[in-house]
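Inspection log for the structure reproduced underneath, given as structure tokens.
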Amino acid sequence: MRELTQVRDAVIGALTAAGLPAFAAFPAEEARRYEAAVAAVDVGTAQGAALGFCNYLGQVRNEDGSASEVYGKQLEAEITVEIRAGRAADCQSGCEAAADVLLGGLPAGVRPEELSWEALQWERETELFLRRGRLRCRALFTARAEEEGQTFLDFVLKGVLTT
């Protein structure tokens, strides 16, 4: 599901922009390559819902005056974030930075609902400190049909710029 990747990538981009290196979920051993805290992000569970009537939201006027039909959908998801670091203090500060981003620094299309963190623990396999978090959120996507509905574009996470 392409929408799950968009949500994951939006979270990774927001964490990285805030100064916390973040990547798509990777083998835990990879975290040892970093001196400070690093985050692994993935989308755990997800459930879709329609917006409007059969996803139809209405029409918008394009710059050239033509009309495009707009469709939308909503995804309820649980984003998992694993913070790892060689020192407990670094892991804790990484967790605090991630919490700030997850609750207030995500694109407009990702609406946080509930954030929970597990206790700080020592991970024997990686020899790093680990703190796991889960963010329940809603992600809103929109898509346009061009020229009388003949071309249907992909759903794009609301609030994320595309080029």
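The values are calculated or read from the model by the stated rules, or taken from the named source; none is laboratory data. Bear in mind that the values here come from a model prediction, so they are computed numbers and not experimental data. Cβ atoms come from the backbone with ideal geometry, glycine included; neighbour counts cover every protein chain shown. Areas reflect the complete protein model, heavy atoms only, side chains present, ligands, DNA and RNA absent. Shrake-Rupley method; radii C 1.70, N 1.55, O 1.52, S 1.80 Å.
Among the residues of the stretch 129-151, at least one is at pLDDT below 95, open to solvent by less than 60 Å² (accessible area, probe 1.4 Å) and touching a Ser or Thr at 6+ places or on another chain (Cβ under 8 Å). Among the residues of the stretch 57-68, just one is open to solvent by 30 Å² or more (accessible area, probe 1.4 Å), touching a residue at least 40 places away in the same chain (Cβ under 8 Å) and either not in a strand (DSSP E or B) or not aliphatic (A, V, I, L, M) (or both), namely S66.
Of the residues T45, T126, which is in a loop (DSSP other than H, G, I, E, B) and of a type in the set (S, T, Y)?
Values: T45 fails: in a loop (DSSP other than H, G, I, E, B).
On inspection, the qualifying residue turns out to be T126.
In the stretch 5-40, which residues are over 11 Å from V101 (Cβ atoms), in a strand (DSSP E or B) and either open to solvent by less than 60 Å² (accessible area, probe 1.4 Å) or small (G, A, S) (or both)? Passing the criteria: A24, V38, A40.
Looking at the stretch 69-88, is at least one residue open to solvent by less than 20 Å² (accessible area, probe 1.4 Å), in a helix (DSSP H, G or I) and under 24 Å from A28 (Cβ atoms)? No: the stretch 69-88 contains no residue that is open to solvent by less than 20 Å² (accessible area, probe 1.4 Å), in a helix (DSSP H, G or I) and under 24 Å from A28 (Cβ atoms). Is it the case that some residue within the stretch 110-123 is touching a strand residue (DSSP E or B) at 6+ places or on another chain (Cβ under 6 Å), modelled with pLDDT under 95, open to solvent by less than 30 Å² (accessible area, probe 1.4 Å) and charged (D, E, K, R)? Scanning the stretch 110-123 turns up at least one residue that is touching a strand residue (DSSP E or B) at 6+ places or on another chain (Cβ under 6 Å), modelled with pLDDT under 95, open to solvent by less than 30 Å² (accessible area, probe 1.4 Å) and charged (D, E, K, R).
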